[in-house]
């Protein structure tokens, strides 16, 4: 089957979160791996002093548990897509193409801009859709419930502006 | 608590990789690594992402609190403040709709061959995280500390046993999912 029921997938992620809490004492999360990688790249260009920045004192620019998790996601999705026969090198998603055309450059620039906001916002909020949205809400953390709602409020508003106003 | 296991770095790296692979397979099989599915959720025309997240929260909440009650796991709630949680999540939302992936699903999208996720999304997130790291000392003294409420959880906020919160939260989410199905989403 190309797709599984969202409930089966969600329950699977829920069980996976039991395992990571039990075996690794870690909640599932993804965005600090990007912050660490960003620090590692900056270190390549600007030397070891980068690790002394206050933020990298908190999140050392190195490969850690969460970095390996994100790396694993790439592998898992690759294997899954190959087995399902859905792997495809593609620049422009279908929904984007239907509204904004098939040119690569506009999609690349908007994805880059979106990534910048996402990287900034995820670190600002202290987590992302998995760290706050799933792992934080399941711990009933107040911060995570606020962030999870805020992410969708902001996302729904912005998506409607992009697809209902700008694209129209 | 499996404290011994938690401290073994090599095994933990392998466990992290294995968890990631499983996470990646689930996200890809659920369709959450597709731009169209994520944007469909934000346009309120496809509720796949919400169904995945809410069922993960239902199963996860019960299991993780059971592990905690049995003394087998510790919680790690994240701290927050109004300036951090509200402002940060709205900036994230803007990025969510503009990019069409999130930090986890962008990795999955890369794995399934989406080049906009790799060359645009991942590079953008790295730049955004770098900008935050550069601004951090100033933000930390200012907006991030406004309206601080710490790492409180709902049970601690209300001063009750966690199961008194777990039960209604789970019931409410299940009712919401059932309503979504009945409404035809």
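Among the residues of the stretch B:80-89, those identified as facing chain A (nearest Cβ under 7 Å) and within 14 Å of residue A:123 (Cβ to Cβ) are B:80, B:84, B:85, B:87, B:88, B:89. In the set B:179, B:163, only one residue is surrounded by fewer than 17 Cβ atoms within 10 Å (Cβ to Cβ), in contact (Cβ under 8 Å) with a residue 60 or more places away in the chain and more than 7 Å from chain A (Cβ to nearest Cβ); that residue is B:163. From the list A:99, A:132, the lone residue that is closer than 24 Å to residue B:50 by Cβ, modelled with pLDDT of 95 or more, touching a strand residue (DSSP E or B) at 6+ places or on another chain (Cβ under 9 Å) and in a helix (DSSP H, G or I) is A:132. Are any residues in the stretch B:126-151 more than 8 Å from every other protein chain (Cβ to nearest Cβ) and touching a helix residue (DSSP H, G or I) at 6+ places or on another chain (Cβ under 6 Å), and if so, which ones? Correct list: B:143, B:146, B:147. Among the residues of this structure, residue B:123 counts as one that is modelled with pLDDT of 95 or more, facing another protein chain (nearest Cβ under 7 Å) and under 17 Å from residue A:31 (Cα atoms). The criterion of being assigned to a helix (DSSP H, G or I) and either touching a residue at least 12 places away in the same chain (Cβ under 8 Å) or farther than 28 Å from residue A:58 by Cα (or both) holds for residue B:173. Residue count for the stretch B:111-121 satisfying the condition of being in contact with a helix residue (DSSP H, G or I) (Cβ under 8 Å, 6 or more places away or on another chain) and surrounded by fewer than 24 Cβ atoms within 10 Å (Cβ to Cβ): 3.
Please find, among B:14, B:62, B:49, the residue that is under 17 Å from the mean Cα position of the chain (by Cα) and surrounded by fewer than 23 Cβ atoms within 10 Å (Cβ to Cβ).
Within the list B:14, B:62, B:49, the selection yields B:62.
Limited to the stretch A:21-41, what total is found for residues that are at the interface with chain B (Cβ under 8 Å from one of its Cβ atoms), in a helix (DSSP H, G or I) and farther than 30 Å from residue B:185 by Cβ? Within the stretch A:21-41, residues that are at the interface with chain B (Cβ under 8 Å from one of its Cβ atoms), in a helix (DSSP H, G or I) and farther than 30 Å from residue B:185 by Cβ number 11.
Would you mind stating whether residue A:61 is more than 7 Å from chain B (Cβ to nearest Cβ) and more than 30 Å from residue A:164 (Cα to Cα)?
Details: more than 7 Å from chain B (Cβ to nearest Cβ): yes; more than 30 Å from residue A:164 (Cα to Cα): yes.
Criteria met by residue A:61.
Here residue B:67 meets the list (1) assigned to a helix (DSSP H, G or I); (2) on the phi > 0 side of the Ramachandran plot almost entirely, failing just condition (2). Answer yes or no as to whether residue A:35 is touching a residue at least 24 places away in the same chain (Cβ under 8 Å) and within 19 Å of residue A:132 (Cα to Cα). When the stated conditions are applied, residue A:35 passes them.
Suppose we filter A:16, A:44, A:69 for residues that are free of Cβ contacts under 8 Å to residues at least 24 places away in the same chain and within 7 Å of chain B (Cβ to nearest Cβ); which single one remains?
When all the criteria are applied, what remains is A:16.
Pick from A:154, A:127: which is in a helix (DSSP H, G or I) and surrounded by 24 or more Cβ atoms within 10 Å (Cβ to Cβ)? Answer to the check: A:154. Screening the candidates A:135, A:144 for the property of being crowded, with 24+ Cβ neighbours inside 10 Å, at the interface with chain B (Cβ under 7 Å from one of its Cβ atoms) and under 21 Å from residue A:13 (Cα atoms) yields one hit, A:144. Of all the criteria given as (1) under 22 Å from the mean Cα position of the chain (by Cα); (2) more than 7 Å from chain A (Cβ to nearest Cβ); (3) assigned to a helix (DSSP H, G or I); (4) under 25 Å from residue A:42 (Cβ atoms), the one not satisfied by residue B:101 is (3). The number of residues in the stretch B:123-142 being closer than 24 Å to residue A:81 by Cα and surrounded by fewer than 24 Cβ atoms within 10 Å (Cβ to Cβ) comes to 1.
The values are calculated or read from the model by the stated rules, or taken from the named source; none is laboratory data. This one's a predicted model, so the numbers in the text were calculated from it and none came from an experiment. Glycine also receives a Cβ, built like all others from the backbone with ideal geometry; neighbour counts cover every protein chain displayed.
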